[in-house]
Amino acid sequence: MKQQIIMKLLTGMAGLGMALGVATAHASPEQDKQDLIRYFTSKYPNVKVDDYVYGALAFDPDSKAQYDAIMEFPPFDSQIDAGRKMWETPFKNGKTYASCLPNGGKMIAGTYPMFDEAKGKVVTLEDVVNDCRVANGEAPLKTSDAKTMGALSAYMRSLSDGMIMNIKVQGPKATAAYEEGKKTFFRRTGQLNFACATCHVQNAGTRLRSELLSPVVGQAVHWPVFRGGDTLVTLQNRYTGCFKMIRAVPPAQDSTVMNDLEYFHSAMSNGLPMKASVFRK
Ligand code: HEC
């Protein structure tokens with residue numbers, strides 16, 4: 001079985017030369033994104049770039065129709081409501097999340113992850129929420145925890161629905177972090193020796209076992225997802241799952257490696273609209 005999958009991936013890599021061109025060192029994020037879009041649209045001229053936000057569903061009209069039906073009455077609404085309650089509950093000092101986030105926390109998700117010059121590192125939206133908690137005398141939440149940070153971020157991210165992803169990479173330190181994330185995305189690793197790009201660039205739109213693979217462009221705009229309708233999965237939870245799939249030891253969530261990866265990965269969705277909390281298989 002394993003052998004079969006590997007063979008399938010190898011045969012799927014006829015376009016490898018070009019896709020490796022994608023990993024050009026020190027290209028700008030916009031150039032990297034355009035290279036990827038050119039690669040995908042030449043392979044799949046009938047799939048609209050705007051539809052990449054639907055991930056693998058963009059390549060499968062039947063599953064997309066099922067998705068649309070589920071999204072009319074999302075089975076995970078109660079979890080988002082739990083997140084809303086957390087968001088609205090004041091801290092012990094009477095302050096709220098809205099009082100310490102830019103723009104009251106609305107229409108900001110599309111600018112995260114962000115390179116924080118003062119800290120000299122990439123910060124995610126979840127890091128900023130934790131900074132807000134700590135500044136107000138509360139303990140930080142575990143960023144990978146679905147019940148707390150997951151639900152809270154599901155609600156908070158819904159306040160940015162419709163915002164256009166706009167990750168900025170400016171200055172030498174931000175660029176270095178972006179390049180690190182890009183390396184992680186293109187570096188082969190794990191016992192199966194795959195890179196993220198093996199599946200989500202070279203083999204996007206093809207099947208791995210029963211699963212259609214989504215293209216990297218559009219992957220970052222719709223988090224968290226609810227797998228099977230009720231299991232909340234954050235973006236970094238998903239990265240962890242994909243690292244495990246290729247039998248690599250996943251970097252710790254909220255580590256520099258993961259946050260730099262999220263920085264690069266999110267920039268590849270620049271220009272696409274955000275929509276928090278969607279159904280996934
Ligand atoms: C062996 C193939 C494989 C590799 C390598 C792989 N993934 Fe995945 N990934 C999948 C499959 C299968 C899914 C579920 C179907 C889909 O949405 O593509 C998935 C889903 C995802 C999703 C969710 C897409 C969505 O819209 O729900 C993200 C994000 C993602 N992967 C990121 C990564 C990152 C980052 C890496 C590198 C650390 C990586 N993947 C490596 C197979 C892979």
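Values computed for the structure shown
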read-out: Net charge, C132 excluded, C-beta distance under 12 Å - Lys, Arg +1, Asp, Glu -1; value: -2
read-out: For the stretch 77-158: relative contact order, % (alpha-carbon pairs under 8 angstrom, 6 or more apart); value: 39 percent
read-out: Relative contact order %, the chain, counting alpha carbon pairs below 8 Å whose residues are six or more apart; value: 26 percent
read-out: Length gained when the stretch R227-E30 is fully extended (0.36 nm per residue, less Cα-Cα span); value: 67.8 nm
read-out: Percent breakdown of C-alpha pair distances by 5 Å bin, ordered from the shortest bin, for the chain; value: 1, 6, 12, 17, 19, 18, 13, 8, 4, 2, 1, 0
read-out: Lysines with Cα under 19 Å of K85, excluding same-chain neighbours fewer than 8 positions away; value: K95, K106, K142, K147
read-out: Nearest-ten-degree value, helix 235-245 long axis tilted from longest Cα axis of the chain; value: 40 degrees
read-out: Segment S42-E138, extension gain: residue separation times 0.36 nm, minus the distance between their alpha carbons; value: 29.5 nm
read-out: Packing rank of 240-250, 141-151, where each peptide gets the mean count of other beta carbons within 10 Å, highest leading; value: 141-151, 240-250
read-out: Antiparallel %, DSSP beta bridges [both residues in the chain], to 5; value: 75 percent
read-out: Å³ per residue enclosed by the Cα convex hull of the stretch 77-158; value: 92 Å³
read-out: Cα-based reach from K182 at 17 Å (exclusive), listing lysines while leaving out same-chain residues under 8 positions away; value: K33, K121, K168, K173
read-out: Nearest-ten-degree value, helix 172-186 long axis tilted from longest Cα axis of the chain; value: 50 degrees
read-out: R247-K85 pseudo-label distance in nm [points 7 Å out on the Cα-to-Cβ vector]; value: 4.4 nm
read-out: C-alpha center-to-center spacing [the stretch 109-172, the stretch 243-274] in angstrom; value: 14 Å
read-out: Extended-chain gain in nm, criterion 0.36 nm per residue less alpha-carbon gap, K95 and K281; value: 63.2 nm
read-out: Isolated Cys in the chain, by beta carbon distance under 4.7 Å; value: C196, C199, C242
read-out: Highest average packing first - 274-281, 33-40, Cβ atoms within 10 Å; value: 274-281, 33-40
read-out: Which of Y52, Y44, Y155 has the fewest Cβ neighbours within 10 Å, and the rest in rising order; value: Y44, Y155, Y52
read-out: By average C-beta atoms within 10 angstrom, highest first, the peptides 64-72, 264-272, 107-115; value: 264-272, 107-115, 64-72
read-out: Cα-based helix-to-principal-axis angle, 2-11 vs the chain, degrees rounded to 10; value: 70 degrees
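Bear in mind that the values in this text are calculations on the coordinates, not laboratory data. Model, not experiment: these values are computed from the prediction. Here Cβ is always computed from backbone atoms with ideal geometry, including for glycine, and neighbour counts include all displayed protein chains.
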